[in-house]
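Here the structure comes first, spelled out in structure tokens, and everything after it is commentary.
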Amino acid sequence: MEEKNKDIYGEHVGYVVDNSTPSYVKFVSTNPPPVGDYVVVDRHDKPILGFVESVGTRSITLSSLPGSYDPQILDRLRGEALRTPGDTFFECTAYLLGDVENLEMTRIPPLPGDLVYRASDTLLSSIFGPRGKEYVEIGVLVTRPSVKVSININRMVTRHAAILAITGAGKSNTVSIIAERIVEIGGTLLVFDFHGEYVYSDLGKGRLNVIEPLVSPRLLSFSELQSLLGIPYNAYRQEYVFRQAYRSAREKIEHGEFIEDIRRELERISLNDNSRENRRAAIGVINRIEVLKERYGEILEDTAPRLIDLLRPGYVNVLNLSRVDEEAADVIVSHMLRTMLYERKRHKLGEKSKLQYPILLVIEEAHILAPKDRDTSSKYWLARIAREGRKFGLGLLLVSQRPKILDPNVLSQANNMFVLKLVEPSDQRHVQAASESLSDNLLAQLPSLNIGEAVVIGPMIRLPALVKIYKYKGRLGGTDPDIVEEWTRYREEIYKDSRVVDDIISQTEKYWG
């Protein structure tokens, strides 16, 4: 066999057989590459790179037997023919990715008998490794731990991204690695943190900025405040009187407390309006204001600064939503998204802006904020940013363990994906329907991924890849607790406390005789 370029060709692993196409190649091997690895087909005019999709075993002896195998015959063959060197071989298929020089697809399939090699580490490193200042390193190839994988941050932010997986598969770890890398190159993120996973972390190596969800009601839009009050959109009378009171309070602020100004306007309507229906509706909204104060009093403050003013460039900014319910989170997130899009547009137009730098928005629990079966305020603004954000330097990173209930229009705008372990077929189909890059051969890998392994696809990476995401070395709040250890520690503390009490009682009894 002639000497091959070692920068391209690794170990020889097989031969092309019949029925190959310009997109797929079939080959046989006695020493097959693992599924998810890369091979080079030594085609007659140029070498072609392929992604190994399947590997199956074949026996020459068993192939000659009838379709139904007799267990007794198999038992006799097991120690003889089936263990004879050369009897067993492997049938493999690979999805062709293009020629190794330009990764351009060819129109002529490989020929039967063409040699198949494992792609060299040098070739794969040139494809997946660091390439410039806009690239950051996130892991290694699952099948080649020596090959580092980098992604293009410019393309990830401008084309948006999603991290999708079942619970416990490594979503928070992936977010943390991406956040750490972006801060290292001077970038800025805002994480909408539903469960406080990042609030007590050490993300950013000292460049973590936690923002509490304290908002001024006077900065909320009419629809945001309506949502917070829980006024249904089909409650036309209540919406009408509330709109009147809202506008009046905007025009004349008497005592500086916006909610109280609205309440006074509603009381005026309830006493003086000519319409009985309007008076009753006003009383209903006043009742809703009382409920609002009980439920959200601690997050509403007239003198609170604008949340956007609390952002720090070059930091991992974390908006702590663990203190609020889903309805309040929807209002706070939509308010923030609306404000940020407005400010970035102002900056783009050369006007004075509160947000003069690009930012990546990490949307945890994206299926709650943008569900497919109902409208939310956040979903509207997420869709707007998904369509318009790239022009203004606003990127989305959607994170969800329930992709099948995530709005497909929002998800489809995420051109880049980190898809970790997904078992349920309906979740897999939903993700595939939203992505042009997730082919059937990659979809088949999702159930078998280990924790921390991901299918990475999209413009941010040159070729689809199975990647082992680096383990974040710092502290995170999203890891599973050691239940048994906590029980043991609690029991020991209780035992220690009871012994102290017993000792005090014993000493007291001795003193008093």
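Values as computed for the structure displayed
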{"item": "Condition check for E197: touching a His at 6+ places or on another chain (Cβ under 8 Å) and not in a strand (DSSP E or B)", "result": "no"}
{"item": "Looking only at region 157-168, and only at residues there that are surrounded by 24 or more Cβ atoms within 10 Å (Cβ to Cβ) and aliphatic (A, V, I, L, M), the one that is nearest to V316 (Cα to Cα)", "result": "V157"}
{"item": "Answer from Q226, Q244 - the residue that is over 41 Å from the mean Cα position of the chain (by Cα) and either assigned by TED's automatic domain parsing to the domain that holds R338 or of a type outside the set (F, W, Y) (or both)", "result": "Q244"}
{"item": "Some residue of region 416-428 being in the same structural domain as I177 (by TED's automatic domain parsing) and either touching a Cys at 6+ places or on another chain (Cβ under 8 Å) or in a loop (DSSP other than H, G, I, E, B) (or both)", "result": "no"}
{"item": "Subset of region 88-132 (residues that are surrounded by fewer than 20 Cβ atoms within 10 Å (Cβ to Cβ) and polar (S, T, N, Q))", "result": "T88, T93, N102, T106, T122, S125, S126"}
{"item": "Residue match in region 41-52 (condition: farther than 25 Å from E104 by Cβ and assigned by TED's automatic domain parsing to the domain that holds L123)", "result": "no"}
{"item": "Selection within region 172-229 - of a type in the set (D, E) and within 22 Å of P305 (Cα to Cα)", "result": "D193, E212, E224"}
{"item": "Checklist (1) touching a Ser or Thr at 6+ places or on another chain (Cβ under 6 Å); (2) at pLDDT 95 or above applied to S378, failing item", "result": "(2)"}
{"item": "Residue in region 177-187 that is under 30 Å from K293 (Cα atoms) and either buried (at least 16 other Cβ atoms within 10 Å of the Cβ) or touching a Leu at 6+ places or on another chain (Cβ under 7 Å) (or both) present", "result": "no"}
{"item": "Residue ID - modelled with the lowest pLDDT, chosen from residues in region 289-324 that are basic (K, R) and not in a helix (DSSP H, G or I)", "result": "R323"}
{"item": "Tally, over region 408-445, of residues that are without any contact (Cβ under 8 Å) to a residue 12 or more places away in the chain and in contact with a strand residue (DSSP E or B) (Cβ under 7 Å, 6 or more places away or on another chain)", "result": "0"}
{"item": "Residues located in region 319-369, provided they are in contact (Cβ under 8 Å) with a residue 24 or more places away in the chain, among the aliphatic types (A, V, I, L, M) and within 21 Å of F392 (Cα to Cα)", "result": "V333, M336, L337, M340, L341, L355, I359, L360, L361, V362, I363"}
{"item": "Test: residue in region 331-344 that is in the same structural domain as K205 (by TED's automatic domain parsing), of a type outside the set (G, A, S), assigned to a loop (DSSP other than H, G, I, E, B) and surrounded by fewer than 23 Cβ atoms within 10 Å (Cβ to Cβ)", "result": "no"}
{"item": "Top-ranked residue of region 202-213 - restricted to ones that are more than 22 Å from the chain's Cα centre (by Cα) and over 13 Å from V331 (Cβ atoms), ranked as modelled with the lowest pLDDT", "result": "G206"}
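The values are calculated or read from the model by the stated rules, or taken from the named source; none is laboratory data. In this text the structure is predicted, and so the values were computed from the model without any measurement. In this analysis, Cβ positions are derived from the backbone assuming ideal geometry, glycine residues included, and neighbour counts consider all displayed protein chains.
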